[in-house]
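Input: a single structure, listed below in structure tokens.
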Amino acid sequence: MMNLPSLGIRARLLITSALALSLVSPACLNLFAWTSDGLTPAPFPSFLLSPTSPSAADLDGDGREERVELIDGVALIKRGEELLWSSPADWRVTQASISDFNHDGQSELSLLLWREFAPWPVDAYMLHSGRIDDFHDRQNQSCHLILIGWRRNAFGEIWAGSALADPIVAFSAVDIEGDGKQELIALEGRYDRSKEIAHTITIWDWNGFGFTLRSRALEGRFRALAAVRAPSGSLLLFVQGAARR
């Protein structure tokens, strides 16, 4: 067995990132680089990498770090052993990450979750309603991306997306251009298919009110992803699965 403690810290991070994805399933692991042409295949490097997503940050601006945990579908914000916020019982959270998707300079908690589908309230008054009626699975569960942040001296929803047209299997918050603004990289699946299999890698930009699709970068069968930074600052994306040729 490889002796990880004998390696440099960044080398361990590279190996840990790769092994974490390879353990998800026996499917192949690929590495892509972000270039002017989008995501392109890249060779696995022997140099050192750092993950892009922290597990703790100062979420309320008081100079102290809070920690994010995900336990049995419940997202928690904690400081030490003190519980500051937990997700509602009717949410099944599948990913919890620290990000700044809305570009306000304050870290927030971004949650990927499933909950009971609800149509837009305005549909009750519209002549042509029901535009999101199919955005759920056979159990009437819909997929959402929700941002939790510190407002009015409490943690709560600061942005909540409607039911997604295509459910997200996994996502990463990445500053692609190096301009200090994060983009959303997502693995998108399909309702009533396996919730662990995605078919598209998509990239989204924050538009001030929500997300706008930038591109559908790759098609294939994917299960997980992890974004890392090379020492040069370039973005590399580990993807568990295979792209369509």
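The values are calculated or read from the model by the stated rules, or taken from the named source; none is laboratory data. This structure is a prediction, so every number in the text was calculated from the model and none was measured. Here Cβ is always computed from backbone atoms with ideal geometry, including for glycine, and neighbour counts include all displayed protein chains. Accessible surface areas use protein heavy atoms only, side chains included; no ligands, DNA or RNA. Shrake-Rupley method; radii C 1.70, N 1.55, O 1.52, S 1.80 Å.
Could you pull out the chymotrypsin sites (Phe, Trp or Tyr not before Pro) across the stretch 43-115 that fall in loop regions by DSSP (anything but H, G, I, E, B) with no more than 13 other Cβ atoms inside 10 Å?
47
Leaving ligands, DNA and RNA out of it, rank 190, 67, 79 by accessible area with a 1.4 Å probe, largest first.
In descending accessible area the options line up as 190, 67, 79.
Read phi for every residue in the stretch 53-67 and hand back ³J(HN,Hα) as whole Hz from Karplus 6.51 cos²θ - 1.76 cosθ + 1.60, θ = phi - 60°, with x for Gly and Pro.
With the stated coefficients, the stretch 53-67 comes to 10, x, 9, 8, 6, 7, 8, 10, x, 9, x, 10, 7, 9, 10 Hz.
Using R₀ = 22 Å, calculate the FRET efficiency as 1/(1 + (r/R₀)^6) where r is the Cβ-Cβ separation of residue 64 and residue 86; round to 0.05.
Plugging the Cβ-Cβ distance into 1/(1 + (r/R0)^6) gives 0.70.
Do any chymotrypsin sites (Phe, Trp or Tyr not before Pro) in the stretch 177-240 lie in a loop, going by DSSP, with at most 14 other beta-carbon atoms within 10 Å of their beta carbon, and if so which?
Counting only loop positions with at most 14 other Cβ atoms within 10 Å, the chymotrypsin sites (Phe, Trp or Tyr not before Pro) in the stretch 177-240 are 209.
Residue 176's amide H: which non-local residues (gap 5+, or another chain) put their own amide H closer than 5 Å, with H modeled 1.01 Å from N in plane and none for Pro or chain starts?
The answer is 183.
For the stretch 181-245, with only Lys/Arg (+1) and Asp/Glu (-1) charged at the beta-carbon, what is the dipole magnitude about the Cα centre, in debye rounded to 20?
For this selection, approximately 200 debye.
Just check the stretch 72-181 against the gyration tensor rule for me: Cα atoms, a ≥ b ≥ c as the square roots of the eigenvalues, rounded for a/c under 1.5, and otherwise prolate or oblate depending on whether a/b exceeds b/c.
The shape class here is prolate.
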